[in-house]
Amino acid sequence: MFQYGTNVKKAKGILENNTFDLIILDITLPDGNGFDFCKYVKENTEIPVIFLTAKDEEEDVVLGLNLGAEDYVIKPFRTRELISRINNILKRFNDNNKLQSGNVTVDVEAKRIYVKNTEIGFTALEYKILILLFNNINKTVTREQILDKIWDVAGNFVNDNTLTVYIKRIREKLGEDDVIKTIKGIGYRVDK
């Protein structure tokens, strides 16, 4: 279903009464801003969000991604590229409600992690790191990429040493079923 909302109030009403696979959102809106609406969407739904906007300042891009948007596309944009980005996000959300590697399963929709069907508790930051690795299965995620994604999630700067501690805690929680491989001098990888 395609719906078009011209302001935050109308968009909230449409969102409450319909089901959507994806939201494409601008930042500049007549009665508010897209950042606040994105925050509202992420707090109340599991719908992926793409910002499509002329606002190209680094601070805006970082804020949009930190609010949980799956992508940030700057106008002017190429239509085929946007469609490809949309398809990739939809595929990830529709096909990957459960991500698995070995005996570790991540239920993306429920935000839960299981080892051999036993739920394991993770802090918000540990979960964010693990989900980043699982969303990039079979790809090496550099330490810099992880630090960039988790920066300020907990309201604090996360440095390289802190990341090492978090990876260690995640591995301890996964126990013998740890699926995180260290790629020496580069980062980490989870294989299918």
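The values are calculated or read from the model by the stated rules, or taken from the named source; none is laboratory data. Being a predicted model, the structure only gives us computed values, none of them experimental. With ideal geometry, Cβ positions are generated from the backbone for all residues, glycine too; neighbour counts draw on all protein chains shown. When the accessible area is computed, the model is the full protein with side chains, heavy atoms only, and any ligands, DNA or RNA have been set aside. Shrake-Rupley method; radii C 1.70, N 1.55, O 1.52, S 1.80 Å.
When you check GLU58 against the structure, is it surrounded by fewer than 13 Cβ atoms within 10 Å (Cβ to Cβ) and either free of Cβ contacts under 8 Å to residues at least 60 places away in the same chain or within 17 Å of LEU132 (Cα to Cα) (or both), yes or no?
Taking the combined requirement at face value, the residue satisfies it.
Between residues in the stretch 40-53 that are assigned to a strand (DSSP E or B) and residues that are at pLDDT below 90 and open to solvent by 60 Å² or more (accessible area, probe 1.4 Å), which pairs lie under 9 Å by C-beta distance while being six or more apart or on different chains?
Going by the 9 Å Cβ cut-off, the qualifying pairs are THR53/THR28.
Could you list all residues from the stretch 78-110 that are open to solvent by 80 Å² or more (accessible area, probe 1.4 Å) and part of a loop (DSSP other than H, G, I, E, B)?
Within the stretch 78-110, ARG78, GLU109 qualify.
Let's see how each residue does on (1) over 27 Å from LYS111 (Cβ atoms); (2) out of contact with any helix residue (DSSP H, G or I) (no Cβ under 8 Å at 6 or more places or on another chain):
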{"position": "ASN7", "(1), (2)": "yes, yes"}
{"position": "ASN17", "(1), (2)": "no, yes"}
{"position": "THR28", "(1), (2)": "yes, no"}
{"position": "LYS39", "(1), (2)": "no, yes"}
{"position": "LYS42", "(1), (2)": "no, yes"}
{"position": "ALA54", "(1), (2)": "yes, yes"}
{"position": "THR79", "(1), (2)": "yes, yes"}
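Against the condition surrounded by 14 or more Cβ atoms within 10 Å (Cβ to Cβ), closer than 22 Å to LYS111 by Cα and β-branched (Val, Ile, Thr), how does ILE23 come out, does it pass?
Against the criterion (surrounded by 14 or more Cβ atoms within 10 Å (Cβ to Cβ), closer than 22 Å to LYS111 by Cα and β-branched (Val, Ile, Thr)), ILE23 qualifies.
What are the pairs, 6+ residues apart or on separate chains, where a residue within the stretch 75-96 that is modelled with pLDDT under 90 has its Cβ under 9 Å from a residue that is surrounded by 10 or more Cβ atoms within 10 Å (Cβ to Cβ) and of a type in the set (Phe, Trp, Tyr)?
Qualifying pairs under 9 Å: ASN96/PHE134.
When the stretch 40-57 is examined, which residues are found to be among the charged types (D, E, K, R) and either at pLDDT 90 or above or touching a strand residue (DSSP E or B) at 6+ places or on another chain (Cβ under 9 Å) (or both)?
The answer is LYS42, LYS55, ASP56, GLU57.
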